[in-house]
Each structure stands twice: as C-alpha cells, then as structure tokens.
Amino acid sequence: MEYLRIQGGHRLKGTVTLPGAKNSLLPILAAGILCNKPVTIHNVPTLTDLDASLQILRAVGWGAEYMDGTVQLFPAMHMHSTIPEKAAGAMRSSVFYMAPLLHRTGKVELPSPGGCRLGQRPIDIHLEGLVKMGACAKMEGDILVLRAENGLKGTNFRLRYPSVGATETLMMAAVLAKGESKFFNVAKEPEVVDLANFLNTCGAKIQGMGTDCLEITGVERLEGAVHTLIPDRIVAATLLAAVVCAGGEVCMNNVCPVHLAGVLDIFRRMGVKIWQTEPGQLKAQMYRRPLPLGAVKTGPFPKFCTDAAPLVAAALLTSTGRTTIEDTVFENRFDCAMEFSKMGACALKQGRSVRIWGKEDYAGGKVHAADLRGGAALVCAALAAKGESKIFGLEYINRGYSDLQRLLSDLGADISLQSTEVEKISLYQKIAKAE
Ligand code: EPZ
C-alpha cells in the first residue's frame with residue numbers, strides 16, 4: 001500500500017502554476033453530452049475523478065480522450081442511459097450526468113453516487129427541480145431511475161439551499177428544455193459560473209450567473225466549444241495552508257484572487273502576508289506562528305469556503321491561541337481532527353465544528369485520510385511537525401490533486417511516495433543478509 005512520508009521542518013520557497021479546477025472540470029465533462037459537436041477542454045488536471053468521468057462518458061457512448069492537459073469529447077453515434085456502478089460509486093459527480101442523459105435518451109439509471117463522506121449528501125434538490133421540469137424519479141433496487149419521455153420543460157424553481165451541484169444540474173436541464181426557466185437562491189461559486197460560460201459558448205442562453213437568480217431560455221441544440229478551465233482555488237488554499245505550516249514564501253501563477261475572496265481574509269487574519277505581484281499572480285509569505293482566529297464559520301461563496309476549512313484547521317495547529325471552525329455546509333467535515341491529534345497536535349471535532357488549541361510544536365505520526373480535503377490537510381500538518389509523518393489514504397487525495405507530493409517537493413518539502421510492499425521486501429532482504 002502506498003503512503004506519503006513527510007519529514008517536517010523544511011521551509012517552502014518557489015513558484016507554482018495553479019492547475020485547472022476539478023470542480024469546474026467534472027460538471028463541464030458531463031455537460032459535453034449536451035453538445036452536438038466536439039468539445040475541447042484545456043488546463044485539465046490529471047485526477048482519478050477525471051478517469052472515472054471518462055469511464056462514464058465512454059460507457060454512455062461518448063468519445064472521450066485525455067492528452068497532455070486537454071480532453072477531447074466527441075458526440076456518440078448510439079447512446080446508453082446506464083451509468084456504470086464502479087465509476088458512479090467512485091465520485092459524487094456522477095449525479096451531473098442525470099440532466100444530460102435525460103435530454104439525450106429520456107432515461108437515466110444512476111447507481112448511488114460515491115464521493116467523500118462529508119455527510120448525508122442527499123440529492124433531493126436536484127430531483128425536486130428535475131421533477132418540476134417534467135422528469136419522474138423512482139428507486140428500482142439501489143438504482144435511481146429517472147425518465148422524461150416527453151422531454152423537459154422550463155420552470156420557475158427556488159432552491160431551498162444554494163447547492164452547487166443542484167444549481168449545475170438544473171442549469172444543464174434548462175438549457176435544452178422547452179421554454180423559459182428561472183431559478184432562485186442558486187449557488188454563485190466560480191465553478192458554477194465557469195459551467196455557465198462554457199454552456200453559453202456552446203450556444204446556450206443563460207443570464208444571471210454569479211447572482212442569486214439564473215434566467216435560462218431553452219434552445220433547440222448546442223454546438224461544441226473550446227474551453228479553458230478556471231484555476232483551482234482549493235489548490236491555492238492548500239498552498240497557502242502549506243506555507244503557514246512549513247513557513248517560507250510561495251508565488252502562485254494563474255490565480256484569480258476574486259475566486260479566493262473569503263479564504264484570503266482568513267489567511268491574512270492569521271498573519272500571512274499575501275500580495276498581488278502582477279495580474280494573475282499572488283505571493284504568500286509566512287515566517288512566524290499563525291495568530292488564532294477565535295470563532296469562524298464557513299458558508300456558500302463568497303464566504304470562507306467549506307473545502308478550505310480542514311486546510312485552515314491544519315494551518316492553525318501551531319497558532320498562538322484557540323480557534324473554533326464551524327462548517328455550516330457539511331455535517332462531517334472534520335474527521336481529520338482525530339488524525340491531527342495522532343500527530344501530537346491539539347484538535348477536537350465537536351459536531352460540525354473543530355476546536356483547535358495551538359501548540360508551538362508537535363511530533364508528527366502515522367495518520368489516515370478519510371476524505372479529499374482532510375487528506376490534504378494532514379499533508380500540510382505534517383509539514384509543520386517536528387518529526388516524520390506517514391500519511392495513508394492517498395486514494396482520497398489523488399481524487400483532487402494531480403501530484404501533491406511533486407507540487408510540495410518542488411517547493412522544498414521533504415516528502416516522498418513510499419510503499420509498504422517495497423518496505424517489506426527490503427526488510428526481508430536485510431533479514432536474509434543477516435542470516
Ligand atoms: C460541490 O459539492 C463540490 N464538489 C464540493 O467539493 C464542495 O465542497 C461543495 O460543492 C460546496 O461548495 C463538486 O463540485 C464536484 P452542495 P456538492 O450540493 O455539489 C446539501 C471537493 O472537495 N444538499 O453545494 O455535493 C448537501 O448535503 C468537494 O472538491 C442537499 O441537502 O455540494 C450539503 O450539506 C467536496 N440536497 C450542502 O447542501 C441536495 O440536493 C452543500 O452541498 C444537494 C445538496
């Protein structure tokens with residue numbers, strides 16, 4: 001089994017170009033099914049969620065190829081409506097294929113979606129909106145079956161919560177529905193806006209992206225597009241947390257500071273010096289223990305985003321006081337708190353919050369990731385530890401980071417990919433030599 005070995009205490013220094021955003025890529029890949037012409041997507045990061053998405057696209061009949069940071073999508077000759085269980089179970093984003101497949105085949109069979117165990121993660125808002133647009137939904141065993149033999153029609157619908165995924169599902173449903181749609185209390189995350197911009201490039205008629213209300217006029221067909229993904233703001237947040245943990249200074253290229261609205265404020269309150277050196281470039285510098293934040297809460301964009309919460313928690317483990325972070329978005333965001341404690345840090349999960357008592361130093365240890373951002377947070381925490389840490393559960397981290405180990409080692413971190421199997425072999429060899 002593979003794991004990351006990290007020796008803390010090495011400062012970071014260097015320049016990184018941010019990859020394309022995972023949470024833009026995944027819905028845009030699904031939206032490619034709505035297009036009648038080929039689609040090209042640039043700035044694509046190599047993630048295991050990308051592999052699962054390509055499997056789904058090919059399984060429903062779509063042509064889907066990845067090469068050197070670019071994905072090419074080609075319309076299917078014959079479509080299938082069943083999403084493969086393995087790929088669906090690998091990630092939450094299999095839900096994005098509901099609306100496109102309904103438009104293409106009038107039916108969808110979706111095994112229960114996978115993804116990080118951040119809470120219940122129901123899809124009731126997605127389904128309530130789709131049913132209002134003319135779909136019918138029922139469970140057949142463990143498979144969710146959606147049908148819309150007469151197609152989807154435009155509607156007015158208020159989301160009970162500004163769900164990112166539900167907003168994206170309803171956007172993909174409305175662009176080819178018959179008539180007008182108005183959606184209220186929608187998500188305003190940059191990745192939602194990126195999807196809307198992609199669809200408009202393909203010929204959709206979406207207005208209001210980035211606001212609380214989307215107005216969409218259904219069209220007959222969508223062409224293709226060449227689209228470049230926005231930068232991944234959560235990778236940026238990960239690098240900021242890493243600079244706080246390890247100390248040093250990192251320059252980030254291909255950054256959109258507006259997308260980091262709620263996050264930059266949090267890191268600046270910790271005492272991180274962050275400034276824009278030139279358009280699209282941010283520099284972050286930290287050579288002291290971070291300041292505590294008291295009580296902070298996450299929230300929908302443009303507030304302090306939930307995905308950055310475990311990363312900020314890791315950054316605060318060596319702070320000079322106490323902080324409580326409440327995640328208002330997911331009920332189970334802080335499984336990483338227990339793992340922080342195994343490293344010798346002082347963190348306690350309480351319901352949907354984590355309480356942190358900053359310490360000057362802690363030793364490090366053997367820990368296991370339980371979700372994507374929690375796993376990245378453990379990597380950051382290990383950079384601050386005085387000793388060696390081993391981080392297992394890389395299958396979670398690899399869902400959202402192309403090569404976190406390389407990203408950090410290029411900046412000066414002492415981090416390497418190890419394997420328990422290789423260790424066993426070398427141990428046996430030593431024993432054999434000794435005999
Ligand atoms: C997206 O997940 C992101 N994933 C998540 O990033 C991100 O944390 C989340 O948005 C919030 O910003 C992708 O874009 C692929 P939600 P999503 O629907 O769409 C509840 C990462 O690490 N809800 O906004 O699943 C839900 O349970 C991932 O990159 C319903 O109750 O998030 C949650 O409590 C993790 N019913 C809250 O809303 C619904 O129908 C927010 O969920 C839908 C959601």
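The values are calculated or read from the model by the stated rules, or taken from the named source; none is laboratory data. What you are looking at is a predicted structure, and each value in this text was computed from that prediction instead of being measured. As a convention, Cβ positions derive from the backbone with ideal geometry for all residues, glycine included, and neighbour counts pool all protein chains shown. Accessible surface is based on the protein model in full, side chains and every heavy atom, while ligands, DNA and RNA are left aside. Shrake-Rupley method; radii C 1.70, N 1.55, O 1.52, S 1.80 Å.
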Helices (runs of 4 or more DSSP H) contained entirely in region 162-261, each with at least 2 residues that are in the same structural domain as Tyr362 (by TED's automatic domain parsing) and on the phi < 0 side of the Ramachandran plot | 233-246
In contact (Cβ under 8 Å) with a residue 40 or more places away in the chain, part of a helix (DSSP H, G or I) and surrounded by 18 or more Cβ atoms within 10 Å (Cβ to Cβ): does that describe Leu127?
-> no
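Farther than 23 Å from Gly248 by Cα and not in a strand (DSSP E or B), is that true of Arg373?
no
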Scan region 62-90 residue by residue and report those that are of a type in the set (Gly, Ala, Ser) and open to solvent by less than 30 Å² (accessible area, probe 1.4 Å).
-> Gly63, Ala64, Gly69, Ala76, Ser81, Ala87, Ala88
Ser93 fails exactly one of (1) open to solvent by 30 Å² or more (accessible area, probe 1.4 Å); (2) within 18 Å of Lys22 (Cβ to Cβ), namely (1)
Can you name every residue in region 158-190 that is open to solvent by 50 Å² or more (accessible area, probe 1.4 Å) and either near the ligand (Cβ under 10 Å from one of its atoms) or under 22 Å from the mean Cα position of the chain (by Cα) (or both)?
-> Arg160, Tyr161, Val164, Lys188
Among the listed residues Ala345, Ala284, Ala309, Ala295, which satisfies the condition of being under 24 Å from Val192 (Cβ atoms) and either assigned to a loop (DSSP other than H, G, I, E, B) or modelled with pLDDT of 95 or more (or both)?
-> Ala309
Note on region 198-219: residues within 19 Å of the chain's Cα centre (by Cα) and open to solvent by 10 Å² or more (accessible area, probe 1.4 Å) are Gly210
Scanning for something out of contact with any His (no Cβ under 9 Å at 6 or more places or on another chain), within 16 Å of the ligand (Cβ to nearest atom) and in contact (Cβ under 8 Å) with a residue 12 or more places away in the chain, does region 317-325 turn up at least one residue?
-> yes
State which residue is least open to solvent (accessible area, probe 1.4 Å) when the search covers only region 141-157 and only residues that are outside any strand (DSSP E or B) and modelled with pLDDT under 95.
-> Gly141
Among Glu109, Glu149, Glu85, Glu65, which is the only one that is farther than 29 Å from Glu223 by Cα and away from the ligand (no atom under 16 Å from the Cβ)?
-> Glu85
Among the numbered criteria (1) within 12 Å of the ligand (Cβ to nearest atom); (2) touching a helix residue (DSSP H, G or I) at 6+ places or on another chain (Cβ under 8 Å); (3) of a type in the set (Asp, Glu), which single criterion is violated by Glu331?
-> (2)
Leading residue by the ranking (farthest from Lys188 (Cα to Cα)) among those in region 312-342 that are open to solvent by less than 10 Å² (accessible area, probe 1.4 Å) and part of a strand (DSSP E or B) | Thr323
Of all residues in region 395-422, how many are farther than 20 Å from Thr15 by Cα, open to solvent by less than 40 Å² (accessible area, probe 1.4 Å) and among the polar types (S, T, N, Q)?
-> 2
Hits in region 1-43 (condition: open to solvent by 10 Å² or more (accessible area, probe 1.4 Å) and either among the aromatic types (Phe, Trp, Tyr) or within 16 Å of the ligand (Cβ to nearest atom) (or both)) | Pro19, Lys22, Asn23
Looking at region 34-75, which of its residues are among the small types (Gly, Ala, Ser) and part of a strand (DSSP E or B)?
-> Gly63, Ala64
Looking only at region 372-387, decide whether some residue is surrounded by fewer than 23 Cβ atoms within 10 Å (Cβ to Cβ), small (Gly, Ala, Ser) and either assigned by TED's automatic domain parsing to the domain that holds Ala246 or at positive phi (or both).
-> yes
